[in-house]
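See structure below.
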Amino acid sequence: MTADSDCASLCNDSAAPKGRGPPVLVDAWLVPTFFGLIMLVGLVGNSLVIHVVTKHQQMKTVTNFYIVNLATTDILFLVCCVPFTATLYPLPSWIFGEFMCRLVNYLQQVTAQATCITLSAMSVDRCYVTVYPLQSLRHRTPRMALAVSVSIWIGALLLSTPVAVYQRLEAGYWFGPQTYCSEVFPSARLQRAFIIYSFLAVYLLPLLTITACYAFMLKRMGQTSVNPIDSGYQLQAQGERAAAVRARVSRMVVVMVALFLICWGPIQVCILLQAFGLRSYVLYKLSRYMTVNLFLHGNRVVAVYQTVFFMILNWCRRTPEQQQQQQSDSVEAEEEEVHGIIQQRNNTGRRLRTMEQKRVINFCAGPAKLPQTVLLQAQKEMLSHNDLGFSVLEMSHRSSDFVKILNKTESLLRELLNIPANYKVMFLQGGGSGQFSAVPLNLIGLKEDKCADYLVTGTWSAKAAKEAEKYGKVNIVHPKLDSYTKIPDPGSWTLNPSASYVYYCANETVHGVEYNFTPETNGAVLVSDMSSNFLSRPVDVSKFGLIFAGAQKNVGCAGVTVVIVREDLIGHTLKECPIVLDYKVQAENNSLYNTPPCFSIYIMGLVLEWIKNNGGSAAMETLNKQKSSIIYDIINASKGFFDCPVDVSCRSRMNIPFRVGKKGGDEALEKEFLDGASKRGMISLKGHRSVGGIRASLYNAVTLEDTEALGAYMKEFLKEHQ
């Protein structure tokens, strides 16, 4: 409902003021001048935004799609509505005809609705990427943002149709005969219904959405805050910095909600009051000036300026090489500014900024990098777990407090892997190597022949097979491999029908060989060592008789090994089995027969919760595909300068071995590569001593940013030496 609509009725109303002259000078020239300045600034700024985003492929991010959508609504509003609205102040009548009357007011409604819905969509998007950043990788794409933006426009165009239908020219008398552009609905009831709808769609619902999204973001940010837990300077400083981050984001949220409330609220309230019977000259004049208030929503344009200006300035200052190398930081800079929370949670792989001390990028094969939020949480609770007054390190494994930790960790694991009820979960000591003995001691006696089939595709499966030979007969199901660079064709396997189980290592960390399929065993019990790709991808546990995994790669720190075993396989232990390796004893005692690695189990629980909060194993798989593709693409494009000997069909996503300089490697170049990486803060890239070269381990906690840094260095090194 426009101000002119009310003028038409007021002009023919007895309440019209008598003896008033034409608009005073301030109405005639000051308001149009103000409109003109806004139009000039808005057109230049929004055009610049659209130009920069569309010109550079790297700028076409999800956030920038929404910003471009806002800029488009601004430009359409500025061009199609502002000039005509400005003429209402110096001119007493509408002079542009009925078609423009309908079009201008229709476009004004469309752009207002599109703007508010886009702001709501941006709030939902920011909330989603903040709370579930890794999970959002599967859905939050530029294509999806484009689809949402197009849907917003289609919806705004359709829902604003009543404005075009019921807008028309009306005759009135205001110091002489005048023509006004007014909304004339068939009935007052219909008019009020549309005004209520417009109030809800354009103002109230977007306001509630924006408020709810940012409130949820703040709540989630507060859950991972770092509070000082003693009087030590370092912990106190970290707590103060974390509080400062929360305070800054809180102020930003309050300002955004307040601006939306203030800039859109008054005009909406005035229209509601007029629609429901409160009609006066004062209210009419007030609503006229509220049109200017509508332009105060130019604060959003200014916000776009402020957000994008520094992004554009930094982009222009960079060389083409720097633009390519730093495109990730450039295109997401505005998200990091709006979402300080992301840095605090480290969910999207951005560096946490609540710690001043410099941290290196750890590509170690194990023990490996842990999520920084996990480290901060462990640090926070180091002296007092859950305000109990003592540390988990001091906690009795028989206490109810530790049993809660143990049960929670098991519950998270069952949820993440959808472990069937007929499987036992145990947390044992001895590492993965301890299970090389425990598996045959518990399972090789399932059949009288005491035989087991082994797939030997790397160092760890070879060691497991050798250990199993102490307790029974071992059948290597495929021809012996000259080198561990491929998985033998399943057609060449010879399985022993009398075998108690079939054993394989899902990912070989030394040589970088990973199974991308689950081996067929003709009904035999399948056993898998998943130590180095556990929870890096979804797994159907029901296909396995037993899964074990050392925690120090993807799910925690060294010291604890997860064993998941089907219940019917328990109780067939060889008599020479040590009691601490007896699955039956450990299962009956809930992993508490002997003192378990309490702190390692506690850390595992924190990591499992981090994985859950970030979308589970499916989201981890998506991220791990992205990370490994970055490195493999560089290797493949290097024309042999970087050489990965592993067959393409079974290259590991977790551990990427490669040589530098040529096939077989140039030791001098490899040393130079490692030295250069170390100077750039990248450590533990040296390959296993048995194979040499370079090895990049990209476990779950290694971020996309970490991987991009390695990729950028590889490109730089290639350019210098090729």
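Quick note: the coordinates plus some simple rules give every number you see, no bench work behind them. What you see is a predicted model, and the numbers here were worked out from it, not measured in a lab. Neighbour counts are summed over all protein chains in view; Cβ atoms, including those assigned to glycine, are modelled from backbone coordinates with ideal geometry.
Points to keep in mind about this one:
- Per-q log10 I(q)/I(0), region 396-446, q = 0.17, 0.26, 0.29 Å⁻¹ (Debye; single scatterer per alpha-carbon; no solvent): -0.74, -1.02, -1.03
- Cα shape, region 411-489, gyration tensor, a/c 1.5 rule: prolate
- FRET efficiency estimate (nearest 0.05) - Cβ-Cβ, residue 184 to residue 414, R0 56 angstrom: 0.30
- Out-of-range pairs (alpha-carbon distance over 18 Å; input 466/553; 424/584; 424/543): 466/553
- Estimated FRET transfer efficiency (residue 33, residue 165; beta-carbon r; R0 25 Å; 0.05): 0.15
- Where labels lie 7 Å past Cα in the beta-carbon direction, separation of residue 56 and residue 543 in nm: 4.4 nm
- Contact order for region 616-721, expressed relative to its length and based on alpha carbon pairs under 8 Å spaced 6+ residues apart, stands at 30 percent.
- Residue 100-residue 216 FRET efficiency (beta carbon distance; Förster radius 45 Å; 0.05 resolution): 0.55
- When the alpha-carbon atoms of region 584-721 are used, the pair Rg, Dmax equals 18.6, 61 angstrom.
- Cα radius of gyration and Dmax for region 385-613 (Å): 17.6, 60
- Each Lys or Arg adds one and each Asp or Glu subtracts one; over the other residues with Cβ under 13 Å from the Cβ of residue 364, this totals +3.
- For region 561-666, the set of trypsin sites (Lys or Arg not before Pro) satisfying both a DSSP loop assignment and a count of at most 12 other C-beta atoms within 10 Å is given as 575, 639, 662, 663.
- When only Cα pairs below 8 angstrom with a gap of at least 6 residues are kept, region 385-613 shows a relative contact order of 28 percent.
- Length released on extending from residue 481 to residue 196, taking residue separation times 0.36 nm less the Cα-Cα span: 95.1 nm
- Among 140, 168, the ranking by other beta carbons within 10 Å of each residue's beta carbon, starting with the fewest, stands as 168, 140.
- Distance in nm between pseudo-label sites at residue 393 and residue 721 (7 Å out along the Cβ direction from Cα): 4.1 nm
- Inter-label distance for residue 580 and residue 625, nm, one decimal - labels placed 7 Å from Cα along Cα-to-Cβ: 4.2 nm
- Chain lengthening between residue 403 and residue 668 when straightened (0.36 nm per residue, less Cα-Cα): 90.1 nm
- Counting beta carbons within 10 Å around each of 457, 161, 61 and listing the fewest first gives the order 161, 61, 457.
- For residue 655, distant residues with modelled amide H under 5 Å away: 698
- Exposure proxy ranking, count of Cβ atoms within 10 Å, fewest first, for 478, 51: 51, 478
- Basic side chains Lys and Arg get +1 at the Cβ, acidic Asp and Glu get -1 at the Cβ, and with that the dipole of region 616-721 about its Cα centre reaches some 180 debye.
- Gain in span if fully extended, residue 688 to residue 636, counting 0.36 nm per residue against the direct Cα distance: 16.5 nm
- Mean separation of Cα contacts under 8 Å, 6 or more apart, over the residue count of region 504-557: relative contact order %: 35 percent
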